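Peer 1: Handing you a structure now.
Please treat every number below as a calculation from the coordinates, not as lab data. On a predicted model such as this, the values are computed, not experimentally measured, just so you know. Here the Cβ is made from the backbone with ideal geometry for all residues, glycine too, and neighbour counts use every protein chain on show.
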Amino acid sequence: MIRAISLSALLAVLPVSTAFAADEPESAAEAAFEAQAAAFEARMEAVERQADAIQADDSLSEEEQGARISALMAAHQGEITAFAGAAAAFAADATAAAMADVDVAAIVAEAMDSPEVQQAIAGGVGIAANSAWTHPDADQMVTYQLMAQHALDEAGMAADDAEAADPH
């Protein structure tokens, strides 16, 4: 679980920090955040060692181990939340700075003018106009509902299987 939190934080910041690394020297805000991230990572590694020690303690039952690890995580929840907030704020600021010179409207207009996109839009309009969704047939609607329910059931079973394979 600790690894997942650290990995999530890293993945949240990686695209932005990569963009900065390629374009400009490190800003004061970036340096401060990287220092904060390094300190957070060190603290989370210490928490991970504590959790590993709890899991390795054979004198504890699984319930006791789970309770102690939950208490350990609860004790650090404020710190985790604060770092996640700092990462989100840094990512938002860095993204805004990176996007400041990007003309999104021009990029979208150029993309929309391409023949491939125009062909795809025309095809999509035709499909939508001629689909069963626009001319509801009771039997077809039941079929769509069954297909959607099947997809949801499959996704739920896959999630259950993933949870059973790695309950942490």
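Peer 1: Using the basic label-point model (7 angstrom from Cα toward the beta carbon), what is the S59 to A120 distance in nanometres?
Peer 2: 6.3
Peer 1: Now, a different point. Between segment 38-77 and segment 139-168, what's the alpha-carbon centroid distance in Å?
Peer 2: Measuring centre to centre over Cα atoms gives 33 Å.
Peer 1: Go through 55-66, 88-99 and give me the packing order, highest mean Cβ count within 10 Å leading.
Peer 2: 88-99, 55-66
Peer 1: Which of L72, L60, A105 sits closest to the plus end of the dipole of segment 36-107, meaning its Cα is farthest towards the positive end, when Lys and Arg get +1 and Asp and Glu get -1 on the C-beta?
Peer 2: A105
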